[in-house]
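Contents: one structure, followed by commentary.
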Amino acid sequence: KAGVTQTPRYLIKTRGQQVTLSCSPISGHRSVSWYQQTPGQGLQFLFEYFSETQRNKGNFPGRFSGRQFSNSRSEMNVSTLELGDSALYLCASSVAESTDTQYFGPGTRLTVL
Amino acid sequence: AQSVTQLGSHVSVSEGALVLLRCNYSSSVPPYLFWYVQYPNQGLQLLLKYTSAATLVKGINGFEAEFKKSETSFHLTKPSAHMSDAAEYFCAVSPVSGAGSYQLTFGKGTKLSVIP
């Protein structure tokens, strides 16, 4: 089975722009979660989608949004980028339940200049 | 709210020595517990997880962890370190039910260095 794929792997944007990141889960997985990883704050939960519905949301401003499509692929969008949004954005997929293993993709490295 | 504390942001061990990475959680109800490893420029890989079955959990690559409710701990151990174990390790928790289910709360991570 192919693993979780994330595109693009690297991205450079300037302040004020918006960005869309994509995540394709493992085949058969219906839950997709997004995490932000920075040296200062570590790994922080953004949101989780299951069957196209946001089931859980972390403590991030409304500039961060996401969605999930009927094939379970997910996108996250960040509008009005700030320097502090520079981070590794990780996507993880699981079958459905909270006990299920979350399988992580390699991440998208976003740099905001 | 749940939280995770990993003692020691950096740990160095000699090759062949015992690896011990500490993790303590804060939760009113015992949560699900996980250990992940991250190699440079890669995502996270699950080493092992505790989901209220056996308290001693065996994972991949020779790692194991023991859930101790009385100490609110879930320390990761490996009897003999290999050079390939050098990486960053993250302890994470997830509530069993209710608010916050399906999300992982991570510790700050521990970078493990293995000295030849």
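The values are calculated or read from the model by the stated rules, or taken from the named source; none is laboratory data. What you are looking at is a predicted structure, and each value in this text was computed from that prediction instead of being measured. Note that each Cβ is placed from the backbone with ideal geometry, even for glycine, and that neighbours are counted across all protein chains shown. Accessible surface areas use protein heavy atoms only, side chains included; no ligands, DNA or RNA. Shrake-Rupley method; radii C 1.70, N 1.55, O 1.52, S 1.80 Å.
Calculated FRET efficiency, A:L83 to B:Y39, Cβ-Cβ distance, R0 = 22 Å: about 0.20 to the nearest 0.05.
Each part gets one Cα centre, and for segment A:96-113 versus segment A:33-72 those centres are 9 Å apart. Restricting everything to alpha-carbon atoms, can you work out Rg to Rh for the protein assembly as shown with a Kirkwood hydrodynamic radius? Rounded to two decimals, Rg over Rh is 0.97. The mean count of C-beta atoms from other chains within 10 Å of the C-beta of residues in A:30-42, rounded to a whole number, is 2.
Along the axis of the charge dipole computed for the protein assembly as shown (Cβ charges of +1 for Lys and Arg, -1 for Asp and Glu, origin at the Cα centre), the listed residues B:N61, B:S9, A:N77 are led at the positive end by A:N77. Each of A:F69 and A:R55 was given a label point 7 Å from its Cα along the Cα-to-Cβ line. The distance between the two points is 2.1 nm.
Note on A:R9: accessible area approximately 90 square angstrom, rounded to 10, probe 1.4 Å, nucleic acids and ligands left out. In this Cβ point-charge picture (+1 for Lys and Arg, -1 for Asp and Glu), chain B has a dipole of about 180 debye about its Cα centre.
Please give the average number of partner chain Cβ atoms lying within 10 Å of the Cβ of each residue in A:103-110, rounded to a whole number.
3
When both bridge partners sit in the protein assembly as shown, DSSP labels roughly 90% of those beta bridges antiparallel. Counting only protein chain heavy atoms and rolling a 1.4 Å probe, the accessible areas of A:F47, A:F104, A:F69 rank, largest first, as A:F69, A:F104, A:F47. Highest mean first, the peptides A:33-44, B:64-75 sorted by other C-beta atoms within 10 Å per residue fall in the order A:33-44, B:64-75.
Shielding by partners for peptide B:38-46, expressed as the average number of C-beta atoms from other protein chains within 10 Å of each residue's C-beta, is 5. Given Cβ point charges of +1 (Lys, Arg) and -1 (Asp, Glu) and nothing else, what value in debye, to the nearest 20, does the dipole of the protein assembly as shown about its Cα centre take? Dipole about the Cα centre, nearest 20: 300 debye.
Ordered by solvent-accessible area of protein heavy atoms (1.4 Å probe), largest first, the residues B:L56, B:L18 come out as B:L18, B:L56. As a test of understanding, state the convex hull volume per residue of segment A:6-113 from its alpha carbons, in Å³. In segment A:6-113, the Cα convex hull volume per residue is 91 Å³. Note on B:V13: accessible area is roughly 20 Å² with a 1.4 Å probe, heavy atoms of protein only. Tell me which lysines have Cα within less than 19 Å of B:K69's Cα, excluding those fewer than 8 residues away on the same chain? Cross-link targets: B:K49, B:K58.
In this label model, A:T101 and B:L7 are separated by 2.9 nm, measuring between points 7 Å along each Cα→Cβ vector.
Report the one residue of B:T110, B:P40, B:C91 whose Cα lies farthest in the direction of the positive end of the charge dipole of segment B:5-116 (charges on C-beta: Lys and Arg +1, Asp and Glu -1; origin at the Cα centre). Among B:T110, B:P40, B:C91, the one farthest towards the positive end of the dipole of segment B:5-116 is B:C91.
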